[in-house]
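Every number in this text was worked out from the coordinates using simple rules, so none of it is lab data. As the structure is a computational prediction, the values presented were derived from the model and not from experiment. Cβ coordinates were reconstructed from backbone atoms using ideal geometry, including for glycine residues, and neighbour counts include every protein chain displayed.
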Amino acid sequence: MSDTHAPAHRPQDLDDAIAGGVGESPLRPDGTLKVRGDFAYSSDLWAENMLWGATLRSPHPSARIRSVDIGPALRSPGVHAVLTAEDVPGRNLYGLKDIDQPVLAEDVVRYRGEAVALVAADHPETARRALDLIEVDYEVLEPVVDAELAAHDDSLPKVHPGGNTVRYQPIVKGDPEVTADVVVSGTYTVGMQDQAFLGPESGLAIPAEDGGVDLYLATQDLHTDRKQTAAALDLDPELVRMTMSGVGGAFGGREDLSMQVHVCMLALRTGRPVKIVYDREESFFGHVHRHPAKMYYEHGATRDGDLVFVRAQLYFDGGAYASKTPVVVGNGTTLGVGPYDVANVSIQGWGMYTNNPPCGAMRGLGAVQPAFAYESQMDRLAEALDMDPVELRIRNAISRGDTTPTGQVLDYPAPVAELLRRVRELPLPEAPAAGAEPDIRDLPGGASNTTHGEGVVRGVGYGVCIKNICYAEGADDFSTARVRLQNVAGEPLAMVHTAAAEVGQGLVTVQQQIARSELEVERVNIHPNDTSVGPAGSSSASRQTYVTGGAVQAACRAVRERLLAITAERFGEPAAELSLSGGKIVSRESGVLADIAEVLGSEAIEETREYHHRETFPLDERGRSERAQVQHAFSAHRAVVDVDTELGLIKVVQLDCSQDVGKAVNPESVVGQIQGGSAQGLGLAVMEEIQVGEGKIRNPSFTDYLIPTILDMPPMNVDVIERGDPNAPYGVRGVGEPPTISSTPAIVAAIRAATGRDLTHVPVGPEHIIG
Amino acid sequence: MDSEITLWVDGRRETLSVDTRTTLLDALRERLGVTSPKKGCDHGQCGACTVLLDGRRATSCLTFAVANDESEVVTAEGLAEGDEPHPVQRALLENDGFQCGYCTPGQVCSAVGMLDEVKSGWPSYVTEDLDESVELDEDEIRERMSGNLCRCGAYANIVTAIREAAE
Amino acid sequence: MDFLRPAGWSEALEAKANHPDATPIAGGTDVMVELNFDHRRPETLLDLTRIEQLREWSRTERNGVPTVRIGAAVPYARLIEELGTTLPGLAMAARTVGSPQIRNRGTLGGNLASASPAGDGHPPLLASNAEIELESVRGSRTLPLADFFTGVKRTDMAPDELIAAVHVPEGTGPQQFSKIGTRNAMVIAVCTFAVALHPRRRGVGTGLGSAAPTPRSATEAEEFLAGALAEDGQWDDPRPLPASVTERFGELVARAAAPIDDVRGTAGYRTHALHVLARRTLSWAWDEYRSGTELSGRQRCA
């Protein structure tokens, strides 16, 4: 691509030279740009002669399309293209696992919000007006809206020709029929949560002279986007070049395609740059959500509190298209007993098609829903046994050497009991002094002045969880890094180039830290993420520090090896005796030999490496696998909650977390991830739910889809421990997801403790508390 | 219908012709290329588009450009003194008060406007005496920053950063 | 879309007479939401931000009662800053409107013109027996706020009228305001309740929000409480209120509500919450009255 076609405000190299290697907390190299407002997010891009795209979406959750008339829209002044399914150049289907979703609907629409047609116009308003002129004749059909019903009632309409089941997975361990002294059971439901990243979907496509297209966008996975987009465009993937622009949060919501193919189609058709930016309402229709779930659980234990069995049936509503539903079922069932050692397990999981909004990846994928259920069950069991709920958990905690329900032996630290003990020991907030008038800001309702203490009861609750890290069940999970070391003005400069998406988690910082530590240089630049380097996979599954960190480490070590070989030859010393230190090459025998820059001279050393983690294997029909998942991570939360028991309003007073991160490559970022993950778990616990009625979203706005404000998120004590995983680079263990998982049940347990209510649904609303 | 207006944006005088339906946010972003105010929700519920409008913090998505003829607009881009970031910006950077950074320019403007409100003696929700000067403790910062969402959940560090910048 | 920017009030009234379909806009925090979401596409907007007199408030007297006349375009932030002690109930409500940014620009007049059942400013105005001053080229008229709201987002305003001001009698006793939201900030009300004690005229005022198609008062509750207080000689010799009185007051407030189920809450919850809020706010207001605070309603604080 020539520079004349580059968008204004293009992504740039990150070249802030901030000291700090592995284990330190240097400032973010993109931080200065971000605080100054100079960081170019995908929605900030602009190109000369640019058109604006807009998307017509189905108003019905299920309908047959009789006809589409684009004539009036096409004749509208300022409109340059109107495209429908007929205009999709290649395969009109895409998907992350099952390729089942049309780029533009053909004969049927399967959810309210499905893309039906596209417009490009010279002004966004003109494009939106033109959408109103497209006439679609729908034959409205009865939607399928209940996932559990869909799993068992064959008389329901089939959302897809192959039936309504996306994945069914049983897990059986030991004797599924065994009985126990004490048995508790419950039915739990989880509402549909939204990632609600603040920067809505956007992309800028620029047609290229070679017949290809350059797309600047915000995504979690450039190469997977490219693969799907190229197939839909019927282009060689090499002709679909993608460059990451600033990502305004992701949390799973940018794993699936949204505007990628659409904006490229419009650019290729019009021969002009085209930009699509969703507004907030469209964003609610434009990406997948967290699967709502209904879960039946039965736990059996001895009188002493040893778990004897766990039996569960899990129903996940995948909505209209599969997206990550197969993985949700895999994670949900394999992790469905939680971080506990249980001899007898029988879990069945169903991921279903319905005509509800499509659901897919969100932080804690498939592990969030069962954690709410199994932790609720542990509290119920503790009550039935008259045991302390933390002691019950510690007694049954899984640990290194134990076997998971799928038959996998944990061959790395699993300090679940330790995390529970530690989180319990963290300081509790001071109880308000007796008789003192409370500060209403600290009470449920806060400044809204709903209580001056009346009805307020404090509760404390615990939650602990397990999450698998990286891709699982036999996926070849890898990342690629290219590292180039050169002499720039007498100083060694390393350039790290990967396709791994920085979504705010601090990956660019970590990459710099690894390169500094491995190459002993101060200056490390980060090249913009693009598809001119090999795949990195998605910034999801808490995997990037593990796999891309591993790839950067490997590429740096390959560069170092070559550098030392050159030095060895030049100075006549054995390479094995040489090492790098503080920008210099040091010989064990003769001390400092030379500056790295000096040895490099005008030559650059560049190496590209892939890092593949240990192989995993699929589950068999009984859910057995020698190693279904490469690593597991654990976190434990304690929540202190004040509940206005008369009004059902909640104030989370304190939320504490102990988490094992293997190795904190960047301790400050680790704490940030735990804070942020906990905030999203808090949101699910007490406020976040996309309300769907008859297949339609009733609250697609930030007025009615509420996410935590700074007043909702309490102070946290965060306790990080490092029990390294010997199989992982630097011993790291994924960090981002676990705190999203264990925070929710901890908060709900605290609300139960305050109210005595059962609370079997999250988010917990005032109605649930007042009963 | 188009109208010609003049805005003072980050110290620059900008004369432009805008459609009357254009929000101040769109005029800044699409017409003047000032992209630091972000679009997050389109209706004042996220705070990402916060700017200082004639010195006061305001959500720029909820005001028309034409209604602000001859107004002074300061965005996060305009707060730095040359290469030196504004103290609030520096404090956010040093305290890791952001992750994805999308809300950050709005947080910056909101914090700068808020500190100014405190300086001019605006009462807090719970100030005991309405004439008393406000103590900017953690509760007070949270209360006064409650119009800016951060989905990454960097709130704890935002509070720390603002306390530091206020000193 | 035409955008009219009158420099003065008479010019604004002229403009409204000539463009009766024009949508007035001041802070923009209500109108712009509708426009950004494409819920409305008015042909003409009438921008009132340049009209100085709409941004002023003053102390006056109406029918012998000290009253504050608040220009329609005074933003919430100034109600909080400047009228916190004079009109405590209104200031408390103003503090719960939207976010700090919204409060810097949003105005009481705009809130009234939108006439949303969820408008935070309405209940305390009802509880204080506020009046609204409407003006057109034909002249000016003032009517009780209760008569102003005629339906969901509908008012008694004629197409050529603009809101000039709101007249709020100064508080002579404690006032309270409570708002239920499912988040601790920046939230549209699930329901709101305001109560004002008027010792000088031995009356009680109430206001309910998000509880019916229009903001409304709980007249029966007001009369019951005023009667109970008078009967027991409580105004002159205040003693703790019997639980039966606060409970009955709560019941009557709840009975005055005619809420609906929507995405923010159920009708059942709203009715229940109003009952609780009425009971609590009355007890706070009464405590203040008993403790001799002649004029209060300010928040308690640690």
Legend entry - Loop-located GluC sites (Glu not before Pro) in segment C:42-102 whose Cβ has at most 14 other Cβ within 10 Å (DSSP): C:GLU43, C:GLU56
Legend entry - Distance in nm between pseudo-label sites at A:VAL140 and A:LEU426 (7 Å out along the Cβ direction from Cα): 4.9 nm
Inset, instruction - Express in whole angstrom the spacing between the alpha-carbon centres of segment C:238-289 and segment A:456-478. - result: 42 Å
Inset, instruction - Note down the net charge around C:THR214, summing +1 for each Lys or Arg and -1 for each Asp or Glu among other residues with Cβ under 15 Å from its Cβ. - result: +1
Legend entry - For a label point 7 Å along the Cα-to-beta-carbon line of A:GLU106, residues of segment A:314-358 with backbone N under 11 Å: none
Legend entry - DSSP-assigned coil residues among GluC sites (Glu not before Pro) in segment A:593-646, each with at most 16 further Cβ atoms within 10 Å: A:GLU603, A:GLU615, A:GLU621, A:GLU626
Inset, instruction - Indicate the gyration tensor shape class of segment B:2-78 (rounded, prolate or oblate), computed on the Cα atoms with a ≥ b ≥ c the square roots of the eigenvalues: a/c under 1.5 is rounded; otherwise a/b larger than b/c is prolate and the rest oblate. - result: oblate
Inset, instruction - Just add up the charged neighbours of A:SER587: K/R +1, D/E -1, any other residue whose Cβ is under 15 Å from the Cβ of A:SER587. - result: -3
Inset, instruction - Would you look at the GNM of chain C, springs on alpha carbons closer than 10 Å, and say which of C:ALA285, C:ALA22, C:ALA185 moves the most? - result: C:ALA185
Legend entry - For chain A: rounded, prolate or oblate by the Cα gyration tensor [a/c cutoff 1.5]: oblate
Inset, instruction - Take the cross-link list A:LYS97/A:LYS651; A:LYS467/A:LYS584; A:LYS294/A:LYS651; A:LYS275/B:LYS119; A:LYS275/A:LYS324 and give me the ones stretching past 32 Å between alpha-carbons. - result: A:LYS97/A:LYS651; A:LYS467/A:LYS584; A:LYS275/B:LYS119
Legend entry - Residues A:GLN691 and C:ASN18, FRET efficiency given R0 of 45 Å [Cβ-Cβ distance, rounded to 0.05]: 0.55
Legend entry - Computed lengthening from A:ARG400 to A:GLU569, 0.36 nm per intervening residue step minus Cα-Cα distance: 56.2 nm
Legend entry - Degrees separating the helix C:219-231 axis from the principal Cα axis of chain C, which is the longest one: 40 degrees
Inset, instruction - Under a cut-off of 21 Å between alpha-carbon atoms, report the lysines in cross-link reach of A:LYS34, not counting same-chain residues fewer than 8 places apart. - result: B:LYS38, B:LYS39
Inset, instruction - Pick out the long, greasy-scoring helices in chain A: whole DSSP H runs spanning 30 Å or more along their own axis by Cα, mean Kyte-Doolittle at least -0.5. - result: A:544-571
Inset, instruction - Give me a single rounded figure for C:28-35: the average over its residues of other chain Cβ atoms within 10 Å of their Cβ. - result: 6
Inset, instruction - Considering only DSSP beta bridges where both residues belong to chain A, give the percentage that are antiparallel (nearest 5). - result: 80 percent
Inset, instruction - Note down the nm distance, to one decimal, between modelled labels 7 Å out along Cα→Cβ at A:ALA434 and at C:VAL65. - result: 4.6 nm
Legend entry - Gyration tensor (alpha-carbon) shape descriptor, segment A:327-447, a/c threshold 1.5: oblate
Inset, instruction - Could you tell me the distance between the Cα centroids of segment C:116-177 and segment C:190-205, to the nearest Å? - result: 16 Å
Inset, instruction - Kindly state, to the nearest 0.05, the FRET efficiency for A:GLU561 paired with B:ALA166, given R0 = 45 Å and r defined as their beta-carbon distance. - result: 0.35
Inset, instruction - Would you tally the net charge around A:VAL337, using a Cβ to Cβ cut-off of less than 10 Å, leaving A:VAL337 out, and scoring K and R as +1, D and E as -1? - result: +1
Inset, instruction - Evaluate E = 1/(1 + (r/R0)^6) for A:ASN49 and B:ARG13, where r is the Cβ-Cβ distance and R0 equals 25 Å; express this FRET efficiency to the nearest 0.05. - result: 0.35
Legend entry - Computed helical MRE - 222 nm, chain A, DSSP H runs ≥ 4 contributing -39500 (n - 2.57), nearest 500: -7500 deg cm²/dmol
Inset, instruction - Enumerate the helices in chain B for which the Kyte-Doolittle hydropathy averages 0.0 or more and the C-alpha atoms extend at least 20 Å along the helix's axis, using complete DSSP H runs. - result: B:104-119
Legend entry - Average partner coverage of B:27-40, which counts Cβ from other chains inside 10 Å: 5
Inset, instruction - Mind giving me the nanometre distance, one decimal, between the label points for A:ALA343 and A:ARG622, set 7 Å out from Cα along Cα→Cβ? - result: 1.7 nm
